[in-house]
Each structure stands twice: as structure tokens, then as C-alpha cells.
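Since the structure comes first, as C-alpha cells, the remarks are kept for the end.
Readers should treat all values here as calculations from the given coordinates under stated rules, not as data from a laboratory. No experiment lies behind these values; they were computed from the predicted model shown. Please note: Cβ atoms are built from the backbone with ideal geometry, for glycine as well, and neighbour counts cover all protein chains shown.
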């Protein structure tokens, strides 16, 4: 199953036979793409869906981009107009929150549109709203970043959360260099 997920672009590290966090994240991404309950567990419904070899559609038809599909809660890496990787993500929850030192409540939303990676920090960024592992900023303070917890639903303040191991892979493969298009829809 791990190798099939990797072959389909649902990266989960080296196929080692261990059902760890990376495999759970890849299964969750597959479940979201297949339109079944996304719990990260490869039960009977997931096994049946896996036989279909589902890959989500992308909007980028040429060049390289990172697509953030808010409805599906998926990050899709497109290289040369083709889907290369699919990752589970958690984006803006839509809930209101009060930031330290501010009197006006904010709404946790992820901005939509086409952006580019503007800057990055190769390490931990401790910000007012929490910790961001190896953030790649695409709009003001919004970033794709690693997090220790990436659920199957929107739960962030607006950033695009990826598992820490996934953002490490993104950095290692240089999938989100400065200037890369980030299309959030």
C-alpha cells in the first residue's frame, strides 16, 4: 500500500512496511481525493478506493505550481503541468480568534488567489499565533509550513499546514522555491 501511494503521488516516505504518521497522512490525502471519510486508516472502504488509483485533478496545465484546494483540503504539487505530489493539509478554520495585543477579533481564513513564494525560514518560527516549522510564505504572513498536528479538517489560523516530515521533503526536493506560484482556490 505504501508503494502504491507513492506511485500515485501521495508521498509517504520510503515504503518500509510501518504504518506511521507519514502513511496516515498519505492515506488521509488519498481518502480526501477519493471522496470517502478521511480518518487516515486504511479500512475496507479505503482499500476498495485504492484499487481505483485515484489522482485529483489540477488546474495548472503548464509550468510549476503548488495548488491549495481548500474544499478538498489537499496540497497538490504540479511540475511541468503534471501532478507530481499530493499532501494532506489543514487550512483556515473559519472561526474567530483574538490575537495577543489586538482588540479586534480576526477570522481564520486562508486567502484565495494566485501568489508566489516570497520568502522562507529554514527552521522554527515562533509567531504570535503559534509555531511554524520551515515556513514558505506566499502572502503577507500566510505560509505553507510544517506542524506537529495536521487534522483532516480546516483548523489553522489561515496558513497551510503540512506534516513536519512533508515540509522537510518539500525543502529537500526544492518544491517551493522563491518565486514558485501558489494557487489557492
Item to check | Relative contact order computed over the stretch 101-185 (Cα-Cα under 8 Å; 6+ residues apart), in percent | outcome: 35
Checklist outcome for this item: Least to most buried among 32, 128, by other C-beta atoms within 10 Å and fewest first, runs 128, 32
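Taking a ≥ b ≥ c as the square roots of the Cα gyration tensor eigenvalues, with a/c under 1.5 meaning rounded and otherwise prolate when a/b beats b/c, else oblate, which class fits the stretch 142-185?
Values: a/c = 2.47, a/b = 1.27, b/c = 1.94.
Judged from the Cα gyration tensor, the stretch 142-185 comes out oblate (a/c at least 1.5, b/c at or above a/b).
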Next on the checklist: Compute the helix-to-body angle for 21-34: its Cα long axis versus the longest principal axis of the chain, expressed 0 to 90° and rounded to tens.
Outcome noted: 80
Checklist entry - Anyone know which of 147, 108, 29 comes out most mobile in the 10 Å Cα GNM of the chain? => result 108
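Determine, for 22, 129, 98, the number of other Cβ atoms within 10 Å of each Cβ, and report the residues in order from fewest to most. Write out the running numbers ahead of the final one.
Numbers: 22 21, 129 16, 98 10.
Ascending Cβ contact count within 10 Å gives the list 98, 129, 22.
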Checklist outcome for this item: Once normalised by the length of the chain, the mean sequence separation of its alpha carbon contacts under 8 Å that are 6 or more apart gives a contact order in percent of 20
Item to check | For 61, 110, order by how many other beta-carbon atoms lie within 10 Å, fewest first | outcome: 61, 110
Checklist outcome for this item: Most fluctuating of 161, 119, 134 in the GNM of the chain (C-alpha, under 10 Å) is 119
Checklist entry - For semi-axes √(5λ) of the Cα gyration tensor in Å, the listed values are (i) 68, 16, 11; (ii) 31, 20, 13; (iii) 26, 18, 16; which was obtained by calculation from the structure presented? => result (iii)
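Where does the stretch 44-115 land on Rg/Rh, using Cα atoms and the Kirkwood Rh?
Numbers: Rg = 16.7 Å, Rh = 14.7 Å.
Ratio of gyration radius to Kirkwood radius for the stretch 44-115: 1.13.
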